[in-house]
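Report on one structure; see the data block that follows.
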Amino acid sequence: MLTRLPKRFWLPAAALGALLSVGAASGAESAVDPLALLETHCVRCHGGEKTKAGLDMTSREALLRGGDSGAVVVPGQPAKSLFHQMLTHEKDPGMPYKEKKLPEAAIKTFAAWIGNGVPYARAVDKTAGASAAKSDSPFTDSERNHWAFQPVKRPEPPAVKREAWVQSPIDRFILAQLEAKNLRPAPPATREQLIRRVTLDLIGLPPTPREIDDFVNDTSPKAYEKLVERLLASPHYGERWGRHWLDLARFAETDGFEHDAVRPHSWRYRDYVIRAFNADKPYDRFIREQLAGDELFPGDNEALIATGFNLLGPDMVDSSDQMLRRHLTLNDMTDTAGLAFLGLTIGCARCHDHKFEPLSQKDYYSLQAFFTPVAFQRELPVPTPQQKALYDERMAALERSEAMQALKELEAPYRQKIFEQKLGKLSPEAQEAHRTPAEQRTTDQANLALETAAMVEVNEKEISKLMSAADRQRHGELKTELKKLPQPPELPRTMALQNTNASPRTFVLIRGELSNRGEEVTPGFPGVVAEKWPVKAETSRRSALANWVASPENPLTVRVMVNRIWQHHFGRGIVPTPSDFGLRGQPPSHPELLDWLAAEFVARGWSIKQMHRLILLSSTYQQSALAAPDTLQRDPENLLFSRRQRTRLEGEVIRDSLLAISGLLNLKMGGAGVFPPIPKDLFQGAKGWTASSDKQDHQRRSIYIFARRNLRFPFLEVFDAPDSNLSCPERGRSTTAPQSLTLLNAEEVVAATEATTARLEKEAATDEERVTVLYRLALGRRPTAKELELSREFLKASPMTELCRAMFNLNAFVYVE
């Protein structure tokens, strides 16, 4: 395969003359020296300074040998030659790489040359391309100068005419664009609208009537600021904002694929994320923990749990090719790290150079090389010091006991026989890995042994089945003796990364195929972002990656995160493509504001809560959804943030609101995922969903519902719950008939209507009072006179439960202004 050439270069006089003659040729193409064209266009990357894709074009012998993709020329047959097909752009990638085709005369010259048997009438100048090149960089000016790849610079907030509207520097950036178009911002939201909006925004639960009254009646200048501080201090803040991160992290508690096996410890990562947001863990620390917590913070269980981020993707545990299984996990880790932290679609460069971005296959596998030495631990103990000390003490006592020694001696021959039987079913490579002493294994062998460990594991049931009757009886007696001794506690476990001692080699994989190795690469950052940012050889691999990603000098990381925060407050990011900051992503609507926020983020210690304060206390955030007719006409899509964008709530917030309003919500935090009941007809053919025995668990917040990949919780799925097989930067917000049917008929809604009715009967004496309380609970405001009258008429013919059901179906309930 031919690869990238610099797009701008100086031509030596001889080559320039050759090209001019090519451009003017009319039937005399053969007069042009094809070797001069090779020197001008091809040799620098193919046999000169480099040998891209394994292709050397500096001699006939090397050219006929071909490259990583096989033969590139068929002497005498230009139409069948890959080289000619790439020149004519019939085959990808077209050559010159990411350029317009060469002049037709030049292509004809090459065709005639191939037709003549690719003769080399003279020696090729291997340095011609190098002397012609204007720059050693493989990137064009437009690629290097793309806005997202530039250093973050803190702009001065612009001057505006309506100074009285400004409550935050943010407002200056927004107002300046509005004034430039002779538009005015929307009026402020009412206090009832504002408290409902910010409460749902920050904790994902509706405000109570008492909280609404306290805020509305608080006349102090700091009333709204106090409200924001109260919500940021709530433990439910982490549950709300942790959910946003879990979408990015493709969090699930099962493996996916056919068997969708349960991951019994993955919930620890979910709880880690919630704790991190509640503690306002600095985002740069949050990054480092997830990419290299085991290296950078040894002995810190939180940081160890954080590395589970890398293993959250789908996993085919029963794969017959465990090396391929590992490779797919490495691909998933690489892709997700690029999307979540950098906003780069680097996964598109896995099989070939990125078609639209300045990201090469070498970039992809250089990034993956940071991860290749690791062992994937799916049940790593993370005990407290006290738990570990007690465990070690009791395990030592058990090991010293006569019963344990006798038990091991009795089991040994049976265990070995079963092990050999299971080992014989594995691939030759896996068998060799297990037979090699652990300290002598290569990294690939260590990982292969780890990945296949479950397949050769021998359990007591298998041993007992194989034993003779006498041995089986003796085995039972010894087990009984052991049970009388103090038992070690069950240790908490987690999914995590751990380093191995070996340093594996990493290769570009041709077409992304594990068996088709190309150029060897070392750990490195995407060149277009970090062209002159070397990786220090003495630095641990993932530590180097984590420190680069979390560096304030990295132009992508801070921009990507502040854009995500803005997106979740306004329904759309300043950059509308939150995980694509590349050339094909959409540009920022307010680039100066984005950079100001990014610079402020770093200046404020990477504090996410500080960014909330900046945004929430601005006039921009506090606008109502009402806008003047001319604003609606000239800014119909609200690209200028000229008003509040009405946004439908996520399924989790709708369900949690139903539970909160009805008084059923169980606010218990943390722990293993719970299983609320689901309709039996939806469960047909699925597995692993038995409703939790404790009915209180059925009313837990939605973030704690067990996250099964192959069976998303129905209520959440209908409201666009994301596919956890991939990183989700932005949820869809569809409007479908099943959503209406769910809000009318789902068991969650029926239970909520009944419980809400019971609550209203306790808290209000008359129907009119109950209607008022219902409006305040569901919509955060009192009913208008017309709404009150309509409700009275409705209740003459229908029970209060039906009015509750109607309220839960209002747009005003599932949308927030």
Subject >> Rounded to the nearest 10 Å², the accessible area of THR766 at probe 1.4 Å >> reply: 60 Å²
Subject >> trypsin sites (Lys or Arg not before Pro) restricted to DSSP loop in region 512-560 with at most 16 other C-beta within 10 Å >> reply: LYS532, LYS536
Subject >> Karplus-derived HN-Hα couplings along region 461-470 (A = 6.51, B = -1.76, C = 1.60, θ = phi - 60°), whole Hz, x at Gly and Pro >> reply: 4, 5, 5, 4, 5, 7, 5, 6, 4, 5
Subject >> Label-to-label distance, nm, for residues given as GLU553 and ARG65 (7 Å Cα→Cβ offset) >> reply: 4.0 nm
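Trypsin sites (Lys or Arg not before Pro) within region 412-447: which are DSSP loop residues with at most 15 other Cβ atoms inside 10 Å?
Working: sites: ARG415, LYS417, LYS422, LYS425, ARG435, ARG441; in loops: LYS425, ARG441.
Answer in residue order: LYS425.
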**OP:** Give the long-range amide H neighbours of THR494: residues separated by 5 or more places, or on another chain, with amide H under 5 Å away, using H modelled in the peptide plane at 1.01 Å from N.
**Re:** LEU380, VAL382
Subject >> Lys/Arg +1, Asp/Glu -1 at C-beta; the chain dipole; positive extreme among GLN416, LEU491, MET807 >> reply: MET807
Original post:
Among [x] 63, 26, 24; [y] 79, 40, 25; [z] 53, 44, 23, which is the computed semi-axes √(5λ) of the Cα gyration tensor in Å?
Top reply: [z]
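What net charge is computed for the residues neighbouring LEU339, neighbours being all others with C-beta under 11 Å from the C-beta of LEU339, Lys and Arg scored +1, Asp and Glu -1? Provide the component values of the computation, followed by the final result.
Details: positive: ARG250; negative: ASP332, ASP335, ASP580.
Its environment carries a net charge of -2.
Quick one: ranking THR736, THR757, THR480 by accessible area, 1.4 Å probe, largest first, what do you get? Mind dumping the intermediate values first?
Values: THR736 50, THR757 15, THR480 75 Å².
From most exposed to least exposed: THR480, THR736, THR757.
Order the peptides 355-361, 233-239, 627-633 from the highest to the lowest mean number of other Cβ atoms within 10 Å of their residues.
Per-residue mean Cβ counts within 10 Å order the peptides as 355-361, 233-239, 627-633.
When ligands, DNA and RNA are left out and all protein chains stay put, how many square angstrom of accessible area per residue does the chain have with a 1.4 Å probe? Could the numbers behind the result be given before it?
Values: 36480 Å² over 817 residues.
Value returned for the chain: 45 Å² of accessible area per residue.
In µm²/s, what is D for region 731-817 at 37 °C and 0.692 mPa s, where D = kT/(6 pi eta Rh) by Stokes-Einstein and Rh is the Kirkwood radius from Cα pairs? The partial results should precede the final answer.
Details: Rh = 13.6 Å.
Reported coefficient: 242 µm²/s.
In the neighborhood of PRO729, defined by Cβ-to-Cβ distances under 15 Å, what is the net charge if each Lys or Arg adds +1 and each Asp or Glu adds -1?
Working: positive: ARG243, ARG250, ARG559, ARG564, ARG572, ARG584, ARG731, ARG733; negative: ASP247, ASP335, ASP580, GLU650, ASP720, ASP723, GLU730.
Once positives and negatives cancel, what remains is +1.
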Original post:
Once phi is turned into θ = phi - 60°, what whole-Hz ³J(HN,Hα) does the Karplus curve with 6.51, -1.76 and 1.60 give for every residue of region 757-768, x standing for Gly and Pro?
Top reply: 4, 4, 5, 4, 5, 7, 9, 9, 8, 10, 4, 4
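Just want to confirm a number: the relative contact order over region 147-284, from Cα pairs under 8 angstrom separated by 6+ residues, in percent.
Details: 95 pairs, mean separation 22.2, N = 138.
Relative contact order for region 147-284 comes out at 16 percent.
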**OP:** Rank LEU466, LEU597, VAL560 by how far each Cα sits towards the positive end of the charge dipole of region 466-625 (+1 on Lys, Arg Cβ; -1 on Asp, Glu Cβ) and give me just the farthest.
**Re:** LEU466
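Note the per residue figure in Å³ for the convex hull of the C-alpha positions in region 357-478.
Numbers: hull volume 21.5 nm³, N = 122.
It is 176 Å³ per residue.
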Original post:
Where Lys and Arg each count +1 and Asp and Glu each count -1, what net charge lies around ASN278 among other residues with Cβ under 10 Å from its Cβ?
Top reply: +1
**OP:** Would you work out which of THR51, GLN85, ALA406 lies farthest towards the positive end of the dipole of the chain? Charges go on Cβ: Lys and Arg +1, Asp and Glu -1.
**Re:** GLN85
Subject >> Estimated dipole of region 164-304 in Debye, rounded to 20 [Cβ of Lys and Arg +1, of Asp and Glu -1, Cα centre] >> reply: 600 debye
Original post:
Taking the Cα centre of each part, how many Å lie between region 433-509 and region 319-354?
Top reply: 29 Å
**OP:** Could you pull out the pairs from LYS609/LYS695; LYS461/LYS695; LYS408/LYS483; LYS80/LYS100; LYS425/LYS484 whose alpha carbons sit more than 27 Å apart here?
**Re:** LYS609/LYS695; LYS461/LYS695; LYS425/LYS484
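If you place +1 on the Cβ of every Lys and Arg and -1 on the Cβ of every Asp and Glu, how big does the dipole about the Cα centre of region 386-511 come out, in debye to the nearest 20? Don't jump to the answer; show the numbers that get you there.
Numbers: 20 positive and 19 negative charges, 54 e Å.
Dipole of region 386-511, to the nearest 20 debye: 260 debye.
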Subject >> Test item: Cα-centred dipole of region 227-368, Lys/Arg +1 and Asp/Glu -1 on Cβ, debye >> reply: 300 debye
**OP:** Normalise the Cα radius of gyration of region 518-662 by 2.2 N^0.38 Å (N = residues in it) and let me know the number.
**Re:** 1.34
Original post:
If you plug each phi of region 185-202 into the Karplus form 6.51 cos²θ - 1.76 cosθ + 1.60 with θ = phi - 60°, what whole-Hz ³J(HN,Hα) values come out, in order, with x for Gly and Pro?
Top reply: x, 6, x, x, 5, 5, 5, 5, 5, 5, 5, 5, 4, 6, 5, 5, 4, 8
Original post:
Amide H to amide H, which residues 5 or more places from THR254 or on other chains are under 5 Å from it, using H placed in the peptide plane?
Top reply: ARG263, ARG709
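Before rounding to the nearest 500, sum -39500 (n - 2.57) across all DSSP H runs of length at least 4 in the chain and divide by the residue total; then give [θ] at 222 nm in deg cm²/dmol. Intermediate results must be reported in sequence, preceding the final value.
Values: 38 runs with 383 residues, N = 817.
Value at 222 nm, helices only, nearest 500: -14000 deg cm²/dmol.
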**OP:** Subtract the Cα-Cα distance of PHE356 and ARG782 from 0.36 nm times their separation in residues, and report this length gain in nm to one decimal.
**Re:** 148.0 nm
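The values are calculated or read from the model by the stated rules, or taken from the named source; none is laboratory data. Fair warning: this is a prediction, and the values are worked out from it, not measured in the lab. Cβ coordinates were reconstructed from backbone atoms using ideal geometry, including for glycine residues, and neighbour counts include every protein chain displayed. Calculation scope for accessible area: heavy atoms of the full protein, side chains included, ligands and nucleic acids excluded. Shrake-Rupley method; radii C 1.70, N 1.55, O 1.52, S 1.80 Å.
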